[in-house]
Amino acid sequence: MQNLKMMYTSHYAPDLVIKNDDLAQIMDTSDEWITQRTGIKQRHISLKENTSLLATRVAKQLLEKSGWDVESLDIIVVATMSPDAYTPATGAIVQGNIGATNAIAFDISAACSGYIYALSIVESMMKNLNFKRGLIIGSENLSKILDWKDRSTAVLFGDGAGGTLVELSDQEDSKILSSDLKTIGSKSEYLTAGETKTLETFPTNVPHNFKAFQMEGREVYSFATREVPKSILRAVKAAKIDLEEVDYFLLHQANARIIKQVAKKLKLDEDKFPINIDEYGNTSAASEPILFDELVQSGRIKRGMTIAISGFGGGLTVGTHIIRY
Ligand code: ACO
């Protein structure tokens, strides 16, 4: 039986750091409000580095770290809600940038659950198509789709990318133990970005315009605190382990209050729920792989540990993997 093993992790965030006080200079907000409601202190903002470039930087770091021949990659999937374009896929641009000529490449759109959904897709495709090596990247340039006059959303997000090299192996000691994915499309209007309009008349001279990011924050908050614990419990049950056996719960970094609430609902110590939202803000699909890499690099996550990775957000989508790292 072949299993998907998480081999190498990496992340990248643009150099420009915007602190809460910087935002207070340009909109009616304050460090106190943002910190108390979300836990965010700063975010990285991308200037002139589009989503594919952020992802390419991560891909190159991963290839360097692993020493893998780029031509040994069979599949590249980029999870993003802020792609360079409708087409080509950001993943295809990354494939071209790094010269991964043997890899198929495409994007998936599942907002802040993107990395979680991508991991399932890559695992299934690699097993079914007999692929050996894959690259999954969550990459977001959210600053380009935000309405910078809307304080209710502008203060929450940041840019960045995180990725993982995966390999199919015969080893039993390192693998995805279980996965749980759920979509609630009837609530899709709670979080939207880039909505497009059909033509009103033909021919038309109306220029293309796209709607900026919009969110019903309270609705998404209650969805997250209700659905994430359930998803974790379903995944833990499917993995046939006890909740207490999970060493760390890596949750999508949308709001520190949501993470603490999930820990409370599961009656677990908050220390098991690492937080880095203070540094990055909400980077959507990039948030889980950025956090994952930071914990691997710092040595907090070690081989043999059991971790839960959960995402939630636009769609509305939610999902959890239980991974024996
Ligand atoms: N600065 C100061 N005041 C603000 C700001 C701001 N940046 N934004 C809103 N306010 C004001 C509002 O106008 C409101 O004022 P009022 O009471 O006078 O009307 C007050 O603060 C409270 O606003 P709420 O929106 O009710 O604040 P809430 O406590 O719900 O916090 C937040 C908002 C942080 C967005 C929260 O609802 C949340 O985190 N929701 C979940 C978001 C999430 O999880 N997203 C994940 C998915 S993201 C994805 O998929 C891409």
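Brief remarks on what is shown
- All conditions but one from (1) in contact with a Ser or Thr (Cβ under 8 Å, 6 or more places away or on another chain); (2) outside the structural domain of residue 13 (by TED's automatic domain parsing) apply to residue 185; the one that does not is (1).
- Total residues in segment 178-221, condition exposed (fewer than 11 other Cβ atoms within 10 Å of the Cβ) and either within 30 Å of residue 5 (Cβ to Cβ) or near the ligand (Cβ under 9 Å from one of its atoms) (or both): 1
- For segment 201-229, the set of residues classified as touching a residue at least 24 places away in the same chain (Cβ under 8 Å) and not in a loop (DSSP other than H, G, I, E, B) consists of 214, 215, 217, 219, 220, 221, 223, 224, 225, 227, 228, 229, listed by residue number.
- Test for residue 100: is it surrounded by fewer than 21 Cβ atoms within 10 Å (Cβ to Cβ), more than 12 Å from the chain's Cα centre (by Cα) and aliphatic (A, V, I, L, M): no
- All positions within segment 270-299 that are part of a helix (DSSP H, G or I), hydrophobic (A, V, I, L, M, F, W, C) and over 22 Å from residue 46 (Cα atoms): 295, 296
- Residue satisfying all of: in segment 142-153; outside any loop (DSSP other than H, G, I, E, B) and more than 18 Å from the chain's Cα centre (by Cα); farthest from residue 255 (Cα to Cα) among these: 151
- Among the candidates 267, 302, 260, residue that is basic (Lys, Arg) and either in a helix (DSSP H, G or I) or not assigned by TED's automatic domain parsing to the domain that holds residue 222 (or both): 260
- Residues (assigned to a loop (DSSP other than H, G, I, E, B), farther than 13 Å from residue 139 by Cβ and in contact with a Phe, Trp or Tyr (Cβ under 8 Å, 6 or more places away or on another chain)) located in segment 56-112: 74, 110
- Selection count where residues are buried (at least 24 other Cβ atoms within 10 Å of the Cβ), farther than 24 Å from residue 172 by Cβ and either free of Cβ contacts under 8 Å to residues at least 24 places away in the same chain or among the aromatic types (Phe, Trp, Tyr) (or both), scope segment 283-324: 1
- Pairs with Cβ under 8 Å, 6+ apart, first in segment 1-17 and surrounded by fewer than 22 Cβ atoms within 10 Å (Cβ to Cβ), second in a strand (DSSP E or B) and among the hydroxyl-bearing types (Ser, Thr, Tyr): 2/169; 3/169; 5/169; 7/164; 8/164
- Considering segment 113-141, and only residues there that are assigned to a strand (DSSP E or B) and away from the ligand (no atom under 16 Å from the Cβ), the residue that is farthest from residue 83 (Cα to Cα) turns out to be 133.
The values are calculated or read from the model by the stated rules, or taken from the named source; none is laboratory data. Bear in mind the structure is a predicted one, so any value in this text is a computation, not a measurement. Glycine gets a Cβ as well: all are built from the backbone with ideal geometry, and neighbour counts include every protein chain shown.
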